[in-house]
Amino acid sequence: MLMVLAAGPLMADPKKDFARGVLEEAREGDGSQWFEKAREEDPDAWPLVERVALARAGAGDVEGASTLFREFATEHPERLGPQLAYADFLRNSSPGDDFAAKLAGEALERTLEHHPGELSVIRRLFRSYEQRGMRQKSIELFDQVVKRAGAGPALAAAEMARTLFPGDDEKARTLVDEVFLKAMERSPADPVLAKAASEHFRKTSRLPQAVEMLEKHVAADPTSLELRVRLGVLLFAAERGDEGVEVLKQVLEIDPRQGLAHQSLAKYYRRSEMPEKARPHAIEALKIRGGDAGEFVQLAGELLDDQLPRDARLLLEKGLFDHPENAEIAVKLAIATRRDESTRGSAAWRFREAESLSGTDGPATEPAFQLEFAECLLESGQTEPAADRLRTAIRGYGAEQGVEVARAYRRLADVFRQQGRSEAEIRPLQKRADELDPPE
């Protein structure tokens, strides 16, 4: 036992030691020399060859890198990754070089012979032909692809058609139609295919067919919520509003946190002049997906106007979390916090927070905010600070806002009475209020 234990440290694994050295050297520098040594130890290890080639290219030795890629690709024609990497390197390292483009195209043609029908090769070869002005070769590739079934060929065919033909080419469009329709018959549950097929018909101004593609997909995979939402939106666009509403409501029954479903319903109800139905969905959309500060302020203002301070407060708390430095949100949140009976007692710090964020000329200087702040202070018995806020509000109102100014004067008169001020001090305030807003 002792002998075994003693011998343990001497039984080193050369491969592990070598790998450890690679890692340590890589931590200290770029590790390129170690990768060179590792490649010499295992010349068939593609990741090492690729790493060394890229390191050489990064050091300015593009020719040496290209040689490594070419030699490895030539020695391993059955391995797809190295072939694609070689072609991509030629194109990316010399984008304006016709000779490099020709070499890349030839490499891809050889690769296609070893990997017939491989779409990753076909797509690259198509781009190569187009780059070199070989339109007939491009069309031959397109003809091969449109004859094949499946999601991959359908997507590739649509991509090629957009390059090859004008948007109003009826013959080309019919070919792509057939490819998508056949692919959807075989694989309706494929979300990538369904989305692409629907977009193909939508972008060619055929909404009924675009809807049909998504309906087939949803029927095949009811759990595909993202595309069910998309279906609802397309139904709205196709003026099938009731169906769109039903689809989106079904989505929200499954997952109430689908923000786009809420947003789409809110937009639909607003367009249909049903603001009371739009508002709950607009609120949820903002809570889930967020939005800019103006959206929070505008929607909260609507809620406050409709005497829904709690809803406004909850929305604005989310808004201030997303936009912690926004004074407009802080101002609205202070007002909503005071008007919500459940939080009225803790509203004062919200007002002070709003003033701090607003500064000397921000939204907290507006008369409406000062009036609300004054009411908050009065509720806690702070009459003198409340009087200061009322005076600030009076100074901030314009001449055209007589009713609002009168209200502030009357409220200041009430504060003076609470403070036990003399009638001589109170009477001018009441008189000025009556001049601005005569009693009926």
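Across the stretch 170-185, a minimum of one residue is classified as among the aliphatic types (A, V, I, L, M), open to solvent by 30 Å² or more (accessible area, probe 1.4 Å) and in contact with a helix residue (DSSP H, G or I) (Cβ under 6 Å, 6 or more places away or on another chain).
Within the stretch 303-321, take every residue that is over 26 Å from the mean Cα position of the chain (by Cα) and open to solvent by 50 Å² or more (accessible area, probe 1.4 Å) and give me the one that is nearest to residue 287 (Cα to Cα). Ranking the candidates gives 310 first.
Taking the options 427, 411, name whichever one is among the basic types (Lys, Arg), more than 24 Å from residue 304 (Cα to Cα) and either part of a helix (DSSP H, G or I) or open to solvent by less than 40 Å² (accessible area, probe 1.4 Å) (or both).
On the way: 411 fails: more than 24 Å from residue 304 (Cα to Cα).
Going through 427, 411 in turn, the sole match is 427.
Can you spot a residue in the stretch 58-74 that is under 23 Å from residue 144 (Cβ atoms) and of a type in the set (Lys, Arg)? No, that holds for no residue. Is it the case that the stretch 379-398 has a residue that's within 21 Å of residue 301 (Cα to Cα), touching a Ser or Thr at 6+ places or on another chain (Cβ under 8 Å) and either at pLDDT below 90 or surrounded by fewer than 17 Cβ atoms within 10 Å (Cβ to Cβ) (or both)? Within the stretch 379-398 (the criterion being within 21 Å of residue 301 (Cα to Cα), touching a Ser or Thr at 6+ places or on another chain (Cβ under 8 Å) and either at pLDDT below 90 or surrounded by fewer than 17 Cβ atoms within 10 Å (Cβ to Cβ) (or both)), the answer is yes, since at least one residue qualifies. Any residue at all in the stretch 148-161 that's touching a residue at least 12 places away in the same chain (Cβ under 8 Å), surrounded by fewer than 15 Cβ atoms within 10 Å (Cβ to Cβ) and over 32 Å from the mean Cα position of the chain (by Cα)? Among the residues of the stretch 148-161, at least one is touching a residue at least 12 places away in the same chain (Cβ under 8 Å), surrounded by fewer than 15 Cβ atoms within 10 Å (Cβ to Cβ) and over 32 Å from the mean Cα position of the chain (by Cα), which makes the answer yes. Selection of the stretch 83-114 for residues being outside any helix (DSSP H, G or I) and either open to solvent by 50 Å² or more (accessible area, probe 1.4 Å) or modelled with pLDDT of 90 or more (or both) yields 95, 96, 97.
Is it true that some residue in the stretch 266-276 is closer than 19 Å to residue 218 by Cβ and assigned to a helix (DSSP H, G or I)? The answer is yes, given that some residue of the stretch 266-276 is closer than 19 Å to residue 218 by Cβ and assigned to a helix (DSSP H, G or I). Does at least one position in the stretch 244-264 carry a residue that is of a type in the set (Asp, Glu), over 23 Å from the mean Cα position of the chain (by Cα) and under 25 Å from residue 319 (Cα atoms)? No: the stretch 244-264 contains no residue that is of a type in the set (Asp, Glu), over 23 Å from the mean Cα position of the chain (by Cα) and under 25 Å from residue 319 (Cα atoms).
May I ask you to list the residues in the stretch 404-422 that are over 17 Å from residue 394 (Cα atoms), touching a helix residue (DSSP H, G or I) at 6+ places or on another chain (Cβ under 8 Å) and either without any contact (Cβ under 8 Å) to a residue 12 or more places away in the chain or of a type outside the set (S, T, N, Q) (or both)? Result: 417, single match.
Cβ-Cβ contacts under 6 Å between residues 6 or more apart (or on different chains), taken from a first residue in the stretch 423-440 that is in contact (Cβ under 8 Å) with a residue 24 or more places away in the chain to a second residue that is open to solvent by 80 Å² or more (accessible area, probe 1.4 Å) and part of a helix (DSSP H, G or I), are listed as 437/403. Closer than 25 Å to residue 307 by Cα and not in a loop (DSSP other than H, G, I, E, B): is that true of residue 354 in this structure? It is true that residue 354 is closer than 25 Å to residue 307 by Cα and not in a loop (DSSP other than H, G, I, E, B). Checking the stated criteria, residue 298 turns out not to satisfy the condition of being assigned to a loop (DSSP other than H, G, I, E, B) and of a type in the set (S, T, N, Q). May I ask you to list the residues in the stretch 115-126 that are open to solvent by 60 Å² or more (accessible area, probe 1.4 Å) and touching a helix residue (DSSP H, G or I) at 6+ places or on another chain (Cβ under 9 Å)? Within the stretch 115-126, 118, 123 meet the criteria. Give the residues of the stretch 322-354 that are among the polar types (S, T, N, Q), touching a Lys or Arg at 6+ places or on another chain (Cβ under 8 Å) and buried (at least 19 other Cβ atoms within 10 Å of the Cβ), sorted by residue number. Correct list: 337 only.
When residues in the stretch 72-82 are screened for being surrounded by 14 or more Cβ atoms within 10 Å (Cβ to Cβ) and charged (D, E, K, R), 1 of them pass.
The values are calculated or read from the model by the stated rules, or taken from the named source; none is laboratory data. Just so you know, these numbers come straight off a predicted model, no measurement behind them. As a convention, Cβ positions derive from the backbone with ideal geometry for all residues, glycine included, and neighbour counts pool all protein chains shown. To get the accessible areas, we keep the full protein, side chains included, count just its heavy atoms, and leave off ligands, DNA and RNA. Shrake-Rupley method; radii C 1.70, N 1.55, O 1.52, S 1.80 Å.
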